[in-house]
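Below: one structure, written as structure tokens.
The values are calculated or read from the model by the stated rules, or taken from the named source; none is laboratory data. In this text the structure is predicted, and so the values were computed from the model without any measurement. Positions of Cβ are generated from backbone atoms using ideal geometry, with glycine treated the same way; all protein chains shown enter the neighbour counts.
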Amino acid sequence: MPVDTPNHWGMVVATSQKGKVLMPGPLTSLKVLDFSTLLPGPYATMMLADMGAEVLRVESPDRMDLTRLTPPHDEGVATAHAYLNRGKQSITLNLKEPEAVETIRSLVADYDVVVEQFRPGVMARFGLGYESLSAINPGLVYCSITGYGQTGPYKDRAGHDINYLALSGVASYSGRADTGPPPLGIQVADVAGGSHHAVMGILAAVTHQRQTGEGQHVDISMTDAAFAMNAMAGAACLAAGEEPAPETGMLNGGAFYDYYQTADGRWLSVGSLEPPFAKQLFTVIGRPELAAKGLNPKPEDQRQLKKALREAIGERTLAEWQAIFDEQDACVEPVLTLREATQHPQIQGRHMVIEVDRGDGRTQKQIGHPLKFSATPCESAFIGKSPGADNERYLNRG
């Protein structure tokens, strides 16, 4: 019998005797056909699945998605695949075969959303483009995720995250003046650009569809999204003609807002821009007289502040600085390793490390869903399945 237990906000939710949340997610009525591979599309549809959508992943039977092969593996399953495809059903179809196309055309009448990540025109050549499928289901929301979009001179060009950040201008003012832009540890254009904008576009189009019955084609360009993320720098460039460059702005290394190395070779992040935070910071390092210069954009003043911080922070270990700034509210935090971050009380307290069902009674640790709903909590039901695990259910429907 279900029992009532408090969720992480202290609210009561219905659970089974095993503790499984029974309350449906906010997207429980949404059905998604997912043709995407690698990172951007699968990340987007994983977010939808976590929020309750029924996601059916359509994979090639003979061209393995590279995330299934990418190391490391946990008991034979690639960790990237187990994470990116959690909560999704899987069927295998060769879209070059007419029978497979007819299968998709019969399925699509029952679905709200199609997500695809091929180059422009590929799905249309299969007979599965937006025009063809919307003729079957006029309310269909059809989301295409590509590097450069469905139009423009680069629409058929290959690219990766680093290329989209380069062409969008983002890389030009990131990094250090003497070493240039850094290759980032995360895929900003792929995830913040492609995945998150795809989810926003899909949900906006679904809202429109629910109001009008009209579907539409959502065209997501990762380069567009990266360009839009220029935000304040882009506003200054377009409206005032100011060209940003590395280490020239308040937020990209031109001010004391920066990283500083500790005595033991670790790093401390300093974001104490506002006067109350700057006052605490410079008082802690024994230079309270410098606080007044914090918001002064003059390069010579900022160089003085950075020099003082480098010297002071370099005198103590990271652990020593953590102990000091744990007692301050000064926007100063340690640069943690990823393993350290998973164990941090804030990450743990927000349930951002979760246990996901492997399907054999055991669980795998994964990153949790970042959206917290008070009434319809997200659920990561199970890790990514093997190719075609649900062929019998979906392809042999009698």
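One table, with the values for the structure above:
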item	result
Of all residues making up the range 265-289, the number that are of a type outside the set (Val, Ile, Thr) and not in a helix (DSSP H, G or I)	11
Helices (runs of 4 or more DSSP H) contained entirely in the range 290-398, each with at least 2 residues that are under 23 Å from Gly185 (Cβ atoms) and under 22 Å from the mean Cα position of the chain (by Cα)	338-342, 345-349
Considering residues of the range 299-322 that are polar (S, T, N, Q) and in contact with a helix residue (DSSP H, G or I) (Cβ under 9 Å, 6 or more places away or on another chain) only, the residue nearest to Gly286 (Cα to Cα)	Gln304
Test: residue in the range 178-200 that is touching a Phe, Trp or Tyr at 6+ places or on another chain (Cβ under 8 Å), of a type in the set (Ser, Thr, Tyr) and surrounded by 16 or more Cβ atoms within 10 Å (Cβ to Cβ)	yes
Helices (runs of 4 or more DSSP H) within the range 188-255 that include 1 or more residues in contact (Cβ under 8 Å) with a residue 60 or more places away in the chain and polar (S, T, N, Q)	196-212, 222-228
Matching option when the condition is crowded, with 16+ Cβ neighbours inside 10 Å and of a type outside the set (Phe, Trp, Tyr), among Pro377, Pro370, Pro345	Pro377
Unique match (being assigned by TED's automatic domain parsing to the domain that holds Asp74, of a type in the set (D, E, K, R), closer than 30 Å to Thr28 by Cβ and modelled with pLDDT of 95 or more) among Glu355, Glu379	Glu355
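Residues checked against (1) under 18 Å from His197 (Cα atoms); (2) in contact with a strand residue (DSSP E or B) (Cβ under 8 Å, 6 or more places away or on another chain):
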position: Thr103; (1), (2): no, no
position: Asp110; (1), (2): no, yes
position: Gly121; (1), (2): no, no
position: Cys143; (1), (2): yes, yes
